[in-house]
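Working notes for the structure below.
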Amino acid sequence: MSDTQTVSEGAAAPLVLRGVRLGSGGPVRDLVVADGRIAAIGTDTAPPPGGEIVDARGLTVLPGFWDAHVHSVQWASARRRVDLSGARSARAAADLMAAAALDGHHGPDEPLIGFGFRDGLWSDAPDPSLLAWSEDTGHAVALVSNDLHTAWFGRAALLRIGRAGHPTGVLREQACLDGVARLAQAGPRVVDRWVQDAVRAAAARGVVGLLDFEYADNIADWTRRASAGALGVRVSCSVYPGHLERAIEEGRRTGDVLPGTGGLARVGPLKLFVDGSLNTRTALCADPYPGPARPGERHGILQTPPEELARLMARAAEHGIHSAVHAIGDRANTLALDAFEEVGCPGRIEHAQLIDRSDLPRFAAPGLVLGIQPAHAPDDRDIADHHWAGRTDRSYAYAELLRAGATLELGSDAPVSPLDPWHGIAAAVHRSGPDGRDPWHPEQAIGLDDALAAASGGRRGLRVGDPADLVLTADDPARLSASELRDMPVSGTLLAGRWTYRTG
């Protein structure tokens with residue numbers, strides 16, 4: 001086998017996976033791939049003319065994974081940013097940035113961006129004086145929180161994004177998104193190269209598809225990337241409100257294939273926000289946050305009023321565009337459900353991290369999908385235990401949602417969590433993270449089969465005629481512990497019958 005390969009135009013050569021295990025705990029059979037689909041399943045199967053035979057004994061084949069919530073450019077650039085995940089205070093985060101400024105890898109002509117801080121439990125607050133060193137080094141410095149909803153800018157960075165004179169340098173929500181996007185701008189060729197590298201890394205973990213919620217013109221960006229070469233992944237391209245009217249004028253509808261992308265990119269949903277995030281204490285909740293709060297934000301924030309939310313969803317639905325509604329707090333989820341019921345359209349609720357149990361039956365509405373990120377649960381447990389004290393039994397409540405009939409799809413929210421489906425699968429099944437702590441609310445764990453299906457866009461099992469979007473693993477997931485599942489060795493990934501990743 002060779003290194004990572006690229007999907008290209010034209011039909012893939014036939015392929016026989018000899019003696020492979022069909023799904024977790026499944027039987028051992030031969031699986032034949034032809035014309036981009038599973039052509040046959042049997043024993044001692046003769047290869048089609050010109051086909052390749054792969055000895056797959058000891059390997060397990062599963063439906064390929066879709067990451068149902070990615071910020072592609074932010075993830076691609078975050079892979080190059082200063083890691084702030086271990087910072088336990090504002091001062092510690094600033095010190096990590098100061099050390100990076102002196103390591104010789106970041107010139108003063110490029111922005112110095114850190115990523116991954118969690119300030120929900122910090123004892124100190126970001127202060128401009130902590131970044132004063134950047135005025136001497138000449139770096140435009142920004143520190144981005146793990147949830148992407150807060151960013152802390154130095155003075156040179158504030159000047160570059162048109163915010164000179166901001167008293168604290170801390171921007172939240174829309175101002176944060178706008179500021180980070182402006183500061184991190186690079187030429188399309190550079191950004192596309194970063195994204196291509198990230199896609200290859202995703203394929204090495206079994207990913208065949210992404211739902212991209214990058215804060216950008218995703219339809220234009222992925223069409224451009226396809227014009228420069230095969231994408232190597234299927235992509236559903238979200239639409240933000242600023243691009244909605246143009247999408248309508250161009251006749252875009254959710255699910256439509258984008259011309260010039262080899263059939264790999266499609267129009268996705270309209271992305272809308274009800275509230276903010278847990279770490280930033282802007283998730284909209286029925287109960288107040290403990291301790292002092294910013295004026296008017298004791299319960300979080302409402303980003304899109306209900307009447308405006310319903311108006312935008314109805315406008316999109318009228319033209320065949322579904323909606324994906326960001327809702328984290330329990331009050332936000334109630335408002336999102338209200339809007340879907342009022343408009344009567346299919347779509348998605350993204351995150352659903354804290355729910356009101358009286359809403360459980362409504363999450364099972366036909367055509368509604370919940371995009372969840374199980375890896376957030378072990379990451380957020382301490383912040384949730386503090387800010388949602390007494391309510392965490394109904395946070396990240398995946399088992400209850402499944403029992404209520406909800407449709408779940410797994411994502412990473414990369415770069416909030418790594419773009420690695422095995423992290424999410426392990427967290428969903430074991431309710432634990434890589435720190436080795438005891439499971440957090442294990443009563444909300446879901447079964448492995450449900451987690452694998454949710455990670456593959458709902459595919460259960462392998463059937464003749466299915467797309468040959470497949471992942472080959474070195475072990476059967478059913479046999480593995482939480483840590484082993486997170487680190488699952490992937491032996492190969494097929495997209496429409498072509499290798500996008502291969503080892504050995």
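The values are calculated or read from the model by the stated rules, or taken from the named source; none is laboratory data. What you are looking at is a predicted structure, and each value in this text was computed from that prediction instead of being measured. Note that each Cβ is placed from the backbone with ideal geometry, even for glycine, and that neighbours are counted across all protein chains shown. Each accessible area value is taken on the protein alone, full model and side chains, heavy atoms only, with ligands, DNA and RNA left out. Shrake-Rupley method; radii C 1.70, N 1.55, O 1.52, S 1.80 Å.
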Review point. Any residue in region 311-318 that is charged (D, E, K, R), modelled with pLDDT of 95 or more and open to solvent by less than 40 Å² (accessible area, probe 1.4 Å)?
Key: no
Among the residues of region 384-409, the number that are open to solvent by 10 Å² or more (accessible area, probe 1.4 Å), farther than 21 Å from LEU270 by Cβ and either out of contact with any Phe, Trp or Tyr (no Cβ under 7 Å at 6 or more places or on another chain) or among the β-branched types (Val, Ile, Thr) (or both) is 12
Restricted to region 20-38 and to residues being charged (D, E, K, R) and touching a residue at least 60 places away in the same chain (Cβ under 8 Å), the residue least open to solvent (accessible area, probe 1.4 Å) is ARG21
Counting only residues that are in contact (Cβ under 8 Å) with a residue 12 or more places away in the chain and farther than 24 Å from GLY86 by Cβ, region 356-390 contains a total of 17
THR334 meets each of (1) of a type outside the set (A, V, I, L, M); (2) crowded, with 17+ Cβ neighbours inside 10 Å; (3) closer than 15 Å to THR254 by Cβ with one exception, condition (3)
State whether the residues of region 354-367 include one that is closer than 15 Å to GLY300 by Cβ, part of a helix (DSSP H, G or I) and open to solvent by 30 Å² or more (accessible area, probe 1.4 Å). no
Scanning region 59-116 for residues that are under 24 Å from the mean Cα position of the chain (by Cα), surrounded by fewer than 22 Cβ atoms within 10 Å (Cβ to Cβ) and more than 25 Å from ASP178 (Cα to Cα) gives GLY86
Filtering region 395-438 down to residues that are β-branched (Val, Ile, Thr) and over 23 Å from SER77 (Cβ atoms) yields THR407, ILE425, VAL429
Flag if THR304 is within 27 Å of ARG172 (Cα to Cα), in contact with a Gly (Cβ under 9 Å, 6 or more places away or on another chain) and either modelled with pLDDT of 95 or more or not in a helix (DSSP H, G or I) (or both)
no
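From the residues in region 481-504 that are assigned to a loop (DSSP other than H, G, I, E, B) and in contact with a strand residue (DSSP E or B) (Cβ under 9 Å, 6 or more places away or on another chain), which one is surrounded by the fewest Cβ atoms within 10 Å (Cβ to Cβ)?
Looking only at region 481-504, we keep the residues that are assigned to a loop (DSSP other than H, G, I, E, B), and these are 481, 487-489, 496-497, 503-504.
Cutting the leftovers down to in contact with a strand residue (DSSP E or B) (Cβ under 9 Å, 6 or more places away or on another chain) gives us 488-489, 496-497, 503-504.
Values: MET488: 22, PRO489: 12, ALA496: 22, GLY497: 22, THR503: 15, GLY504: 7.
Within region 481-504, the match that is surrounded by the fewest Cβ atoms within 10 Å (Cβ to Cβ) is GLY504.
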Residue pairs qualifying under the 7 Å Cβ cut-off, at least six apart or on distinct chains, with the first in region 414-428 being touching a residue at least 60 places away in the same chain (Cβ under 8 Å) and the second being of a type in the set (A, V, I, L, M) and assigned to a loop (DSSP other than H, G, I, E, B), are VAL416/LEU148; TRP422/MET488; HIS423/ALA375
Over region 75-96, the set of residues under 16 Å from LEU148 (Cβ atoms), in contact with a helix residue (DSSP H, G or I) (Cβ under 7 Å, 6 or more places away or on another chain) and either among the hydroxyl-bearing types (Ser, Thr, Tyr) or not in a loop (DSSP other than H, G, I, E, B) (or both) is TRP75, ALA76, SER77, VAL82
Legend entry - Filter pass, VAL267 being surrounded by 15 or more Cβ atoms within 10 Å (Cβ to Cβ), at pLDDT 95 or above and under 30 Å from ASP330 (Cβ atoms): no
Here the qualifying pairs (Cβ atoms under 6 Å; residues six or more apart or on different chains; first in region 286-307 and under 23 Å from SER358 (Cβ atoms); second open to solvent by 70 Å² or more (accessible area, probe 1.4 Å) and charged (D, E, K, R)) come out as ALA286/ARG331; PRO288/ARG298
Expected output for region 480-504 (first residue more than 16 Å from VAL233 (Cα to Cα), partner buried (at least 19 other Cβ atoms within 10 Å of the Cβ) and of a type in the set (Ser, Thr, Tyr), Cβ below 8 Å, 6+ apart or cross-chain) is ALA482/SER432; MET488/THR473; PRO489/THR473; VAL490/THR473; VAL490/TYR501; SER491/THR473; THR503/SER491; GLY504/SER491
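Which is without any contact (Cβ under 8 Å) to a residue 60 or more places away in the chain and not in a helix (DSSP H, G or I), of ASP475, ASP438, ASP450, ASP393?
ASP438
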Within region 119-142, restricting to residues that are in a loop (DSSP other than H, G, I, E, B) and touching a Ser or Thr at 6+ places or on another chain (Cβ under 7 Å), the one that is most open to solvent (accessible area, probe 1.4 Å) is SER123
